[in-house]
Amino acid sequence: MPVSDLMTKIVSLCKRRGFIFPSSEIYGGLSGCWDYGPLGVELKRNLKDAWWKAIVHHRDDVLGLDSSILMQSNVWKASGHANNFSDPFVKCKICGKHFRLDKVWDEMGKSAWVNSLIKEMTGEKDTSFLLGWAKKQGKSLAPNLALVKEPEVTLSWITDLNQSWGGPDLNFQQFIGRMGADTNGKARVPCPQCGEPLPEEGIAANLMLKTSLGPVEETAEKVYLRPETAQGIFVNFRNVIDATSRKLPFGIAQIGKSFRNEITPGNFTFRTREFEQMEIEYFAKPNEAENFYKSWINGRLQWYLDLGIKKENLRLRPHSSDELAHYAKGCTDIEYQFPFGWSELEGIANRADYDLKQHAQFSGQDLQYQDPVTNEKYYPYVIEPSGGVDRAILAFIVNAYHEEEVNGETRVVLKLSKELAPRKIALLPLLKKNADIVALAKNIKSDLQKTWMTVYDDSAAIGKLYRRQDEVGTFYCITVDVDSLSDKQVTVRDRDTMKQDRVSVDQLKKYLTRLL
Ligand code: GAP
């Protein structure tokens with residue numbers, strides 16, 4: 001299935017079946033913000049529960065925390081966010097669209113005019129095709145592109161097109177740059193929206209969202225909505241040690257909302273302005289940090305695999321030294337192959353002793369760790385696995401989306417794992433006009449819903465009901481029919497295999513406990 005079709009189908013399914021809605025939709029929406037509907041919120045809770053259990057409940061060395069979103073502004077001075085948390089951007093001086101400097105070429109790949117141009121130029125072509133495109137499609141799609149405004153001049157710079165186009169030397173960026181070349185023939189990066197050459201220098205824009213505390217504007221204290229949950233953990237390091245007498249190594253975990261004024265939110269819920277993070281700060285002796293860094297990378301990768309992400313769609317990407325912050329000893333991203341390309345799900349960083357030292361310096365508090373045996377005092381190193389809830393949800397939905405042909409019809413199944421599936425069971429009466437069948441189905445439902453997320457649905461014929469449940473990933477459909485009234489048995493249908501088992505009502509809970 002073409003990549004764009006898959007994303008379109010997923011966005012449509014999410015809206016239609018109540019997973020994810022655009023924020024404030026009745027007012028035209030709000031860029032970079034999304035709402036989770038009745039099924040989305042269940043999926044999100046299941047995902048966060050799975051993380052919390054794996055990280056906090058099933059380990060002895062990680063404690064939980066829930067710190068406030070609003071924090072004292074000094075926190076962000078100490079962390080470096082007040083001065084350095086920015087993505088340089090460029091603004092097209094004609095159409096006014098903003099682009100992150102490091103993402104302009106990603107946007108180019110999605111640009112309507114670039115895609116049209118590439119389509120036109122596929123195969124053995126010469127400059128006359130470019131001229132034709134400039135005079136037709138180019139006029140409406142990229143009116144400010146040099147090739148469209150002055151095709152003859154632009155084409156005079158690319159006389160070697162026949163040699164380079166499609167040949168081994170083809171460089172997409174150089175080719176597009178030359179389509180936007182200035183009058184001296186210098187290649188320029190054209191605006192993905194309208195073709196106008198973009199400014200060559202980026203402007204730094206702080207990504208933190210500001211608000212103010214206090215009722216009177218003039219005296220109100222300016223504060224930020226946190227751009228990461230991590231700093232709430234660092235500023236509570238001393239509190240947690242004092243309250244729990246923890247010895248190294250140990251970690252503090254937190255799940256919560258973060259906010260970033262992203263320049264180009266997009267790819268559905270992948271890059272948003274309001275999102276949730278799942279973060280761990282794991283404090284260790286400096287000489288043990290490297291080993292913990294490696295084991296957290298493996299552990300976090302395994303977590304995605306255990307919840308059903310296909311191995312071939314996950315990879316580790318260690319950062320090169322020029323990508324690393326000056327204090328960081330290492331950073332590795334866990335990437336997922338989304339329909340729009342390999343992209344970061346989670347980062348695991350060895351942050352050395354930077355954060356605690358910074359907060360000690362800015363707050364004047366002693367944030368060193370004192371070894372209870374040797375009395376030695378030092379700043380622990382920190383390993384930080386930091387993932388996004390919304391990105392993980394999107395990856396799990398993409399990973400689970402499955403289409404197959406059944407009896408000449410397309411069956412869409414969301415093959416979410418048992419832990420994540422928002423609904424585990426659906427009770428479907430075969431005849432909704434038979435009061436005894438309905439009563440039995442509803443009784444079974446009220447019994448099962450005490451243990452599993454269970455729904456009752458009699459709003460369509462059975463075939464349609466099955467399809468609806470498959471599409472949202474319901475694990476088992478239980479059908480109550482006329483025979484059920486006499487033999488006290490029901491039919492349990494497996495979502496993935498569509499295999500049906502006849503199970504007696506009094507054994508149903510036992511049967512499902514074995515499976516779920
Ligand atoms: N404390 C480290 C930190 O915040 P990050 O790489 O900026 O590191 C961690 O963010 C994770 O948070 C990312 O891997 C991603 O999953 C998620 N995330 C970051 N920005 C996001 C955004 N604008 N929209 C959705 N998720 C985002």
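All of the numbers you see were taken from the coordinates with simple rules; none came from a lab. This structure is a prediction, so every number in the text was calculated from the model and none was measured. Reconstructed Cβ throughout: ideal geometry from the backbone, glycine too, with neighbour counts over all protein chains shown.
Summary table
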read-out	value
Extended-chain gain in nm, criterion 0.36 nm per residue less alpha-carbon gap, Ser321 and Lys285	10.7 nm
Where only alpha carbons of the stretch 423-515 are counted, the Rg and the Dmax (Å)	11.8, 33
Residue order, fewest to most surrounding Cβ atoms within 10 angstrom, among Met278, Met7	Met7, Met278
For the stretch 52-118: rounded, prolate or oblate by the Cα gyration tensor [a/c cutoff 1.5]	oblate
Simple spin-label estimate for Lys119 and Met498 in nanometres, 7 Å along Cα-Cβ	3.5
Ranking of Val216, Val482, Val382, Val41 by count of other Cβ atoms within 10 Å, fewest first	Val216, Val482, Val41, Val382
Computed [θ] at 222 nm, helices only, for the chain once each DSSP H run of length n ≥ 4 contributes -39500 (n - 2.57)	-10000 deg cm²/dmol
Cα-Cα P(r), the stretch 361-516, percent of pairs per 5 Å interval	2, 8, 15, 16, 14, 10, 7, 4, 3, 4, 4, 4, 4, 3, 2, 0
Reach of Lys499 by Cα under 26 Å, taken over lysines that are not fewer than 8 positions away in the same chain	Lys310, Lys415, Lys418, Lys424, Lys432, Lys442, Lys445, Lys450, Lys464, Lys488, Lys509, Lys510
Reduced Cα scattering model of the chain, Debye log10 I(q)/I(0), q = 0.06, 0.12 Å⁻¹	-0.40, -1.18
Part-to-part distance (alpha-carbon centres) for the stretch 78-106 and the stretch 124-150, which is given in Å	29
Mean-position separation - Cα centroids, the stretch 410-467 and the stretch 285-342, in angstrom	39
Using a Förster distance of 41 Å, the FRET efficiency for Asn407-Val11 (Cβ separation, nearest 0.05)	0.90
Along principal axes, Cα extents of the stretch 244-347, largest first, whole Å	43, 32, 32
The stretch 280-438 - Rg over Rh from alpha carbon coordinates, Kirkwood radius	1.20
Pairwise Cα inverse-distance average, inverted: Kirkwood Rh of the stretch 175-239 (Å)	16.5
